[in-house]
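Asker: Can you keep this structure in mind? I'll have questions shortly.
Where a number appears in this text, it was derived from the coordinates with a stated rule and is not lab data. Keep in mind the model is a prediction, meaning the values are calculated, not measured. Here the Cβ positions follow ideal geometry from the backbone for every residue, glycine too, while neighbour counts run over all protein chains shown.
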Amino acid sequence: PLATTGELVTRAATERTAVAAFNIITLEHVEAVVAGAESVSAPVILQVSENAVKFRRGRLLPLARAATAAAEAASVPIALHLDHVQSDGLLRQAPDAGFSSVMYDASRLPYAENLTATRTAARWAHDQGLWIEAEMGEVGGKNGRPPLDAHAPAARTDPAEARAFVADSGVDALAVAIGSAHAMTTRTAALDHALLKRLTATLDVPLVLHGSSGLPDTELTAAVTGGITKVNFGTALNLAMTGAIRDFLAAHPEAVDSRKYLTVAREAMADTVARIIRVLRNE
Ligand code: G3H
Ligand code: ZN
């Protein structure tokens, strides 16, 4: 059934576990995330990023309606989240499109401007009954910029600054920069566990990990143990999908029916979803 991000994250925090959030781009992503989560009986978050909306020719509703229908029919609780929103126009579409939550991303701006923009977004979101996540201390690797940016010492969330940011903006959750980076195609990133410890001790909102595809299993498990409550994955699904299609077409150069390679792509993504959820549960 359709759930809200707020309830899934709150439950995960209470149970000292984490809820996985997967970025969806195609209908195959949607079906794969649902199938993967159902196979391990876990709640899950389907997220649509602003970049995915751009890819869908600027239209949010077709993918949002498909995700809503898939969530309603699922045997596990599934929430819809709008991810990395920079445009106010997209932000305002969230409630009518069926999203219970948004991640408002003004982290590219200097602290004061990030705070002002995020506070305005948070007031509006709460008026609409939406749960809102923001980011402070930018996680690198967005929009084709080199992922390794995030490993620079400066690209870290400062605990005292983060505490003030959460208090002054009123957001429900915070994305933190602790060593992960977006769009990594190798699982070689390392987290700053000492910083995560300081952040969980200093902040009383759920913490969100971005760029999680670049982390090895041990780091993912340690992140959850260390207090991360929502864990975002995008690239892991694209690696699975594209790899499966590449292998299938290499083995079947005569293939024409798109269902043939989309079937293996969907299965590969569902397997990835189930594997990741088991790792987050430390199984
Ligand atoms: O918000 C989405 C995630 O941070 C995805 O990052 O594609 O590196 O897994 P990733
Ligand atoms: Zn992200």
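Asker: State the answer as a single residue: which of ALA13, LEU249, ASN232 lies farthest towards the positive end of the charge dipole of the chain, with beta carbon charges of +1 for Lys and Arg and -1 for Asp and Glu, about the Cα centre.
Answerer: LEU249
Asker: A further question follows. Give me Rg/Rg_expected for the chain, where Rg uses Cα atoms only and Rg_expected = 2.2 N^0.38 Å with N residues.
Answerer: Taking the Cα Rg and dividing by 2.2 N^0.38 Å, one obtains 0.95.
Asker: Sort 177-185, 82-90 by packing, meaning the average of other beta carbons within 10 Å per residue, with the highest value first.
Answerer: Ranking the peptides 177-185, 82-90 by packing returns 177-185, 82-90.
Asker: With charges set only on the Cβ (+1 for Lys and Arg, -1 for Asp and Glu), what does the dipole of the range 5-280 come to about its Cα centre, in debye to the nearest 20?
Answerer: Computed charge dipole of the range 5-280: roughly 240 debye.
Asker: Can you show me the helix-derived [θ] at 222 nm for the chain, built from DSSP H runs with n ≥ 4 at -39,500 (n - 2.57) apiece and divided by the number of residues, rounded to the nearest 500.
Answerer: Using -39500 (n - 2.57) per qualifying helix, the result is -14500 deg cm²/dmol.
Asker: Report, by chain and number, residues whose modeled amide H sits under 5 Å from the one on ALA175, excluding near sequence neighbours (fewer than 5 apart, same chain).
Answerer: Amide H neighbours of ALA175: ALA134, GLU135, MET136, VAL208.
Asker: Using a simple spin-label model with points 7 Å from Cα along the Cα→Cβ vector, what separation in nm is obtained for ALA190 and GLU283?
Answerer: Those two pseudo-labels are separated by 3.0 nm.
Asker: Residue separation times 0.36 nm, minus the C-alpha to C-alpha distance between THR17 and LYS197: what's the value?
Answerer: 63.2 nm
Asker: Can I ask one more? Tell me the angle of helix 159-169 to the major Cα principal axis of the chain, expressed in degrees between 0 and 90 and rounded to the nearest ten.
Answerer: The angle comes out at about 90 degrees.
Asker: Could you tell me how many degrees, from 0 to 90 and to the nearest 10, lie between the Cα long axis of helix 61-73 and the main elongation axis, the longest principal axis, of the Cα atoms of the chain?
Answerer: So the inclination is approximately 80 degrees.
Asker: Which of the peptides 101-107, 221-227 is most tightly packed, and how do the rest follow, going by the mean number of other Cβ atoms within 10 Å of each residue?
Answerer: Per-residue mean Cβ counts within 10 Å order the peptides as 101-107, 221-227.
Asker: Shifting gears a bit: Can you tell me the orientation of helix 258-280 relative to the chain, as the angle in degrees between its alpha-carbon axis and the longest Cα principal axis, to the nearest 10?
Answerer: It is inclined by approximately 40 degrees.
Asker: Let me ask something additional. At R0 = 30 Å, how high is the FRET efficiency between VAL76 and ASP168 if r is their beta carbon distance? Nearest 0.05 is fine.
Answerer: Computed FRET efficiency for VAL76 and ASP168 comes out at 0.25.
Asker: For LYS230, list the lysines whose Cα falls under 28 Å from its own Cα; do not include residues on the same chain fewer than 8 positions away.
Answerer: The qualifying lysines are LYS54, LYS142, LYS197.
Asker: Same structure again: Calculate, in nm to one decimal, what LYS54 and SER87 gain on full extension: separation in residues at 0.36 nm each, minus their alpha carbon distance.
Answerer: Result: 10.7 nm gained on full extension.
Asker: 5 Å is the cut-off here: which amide hydrogens, built 1.01 Å from N in the peptide plane, fall below it relative to ASP83, excluding neighbours closer than 5 in sequence?
Answerer: VAL48, SER49, GLU50, MET103
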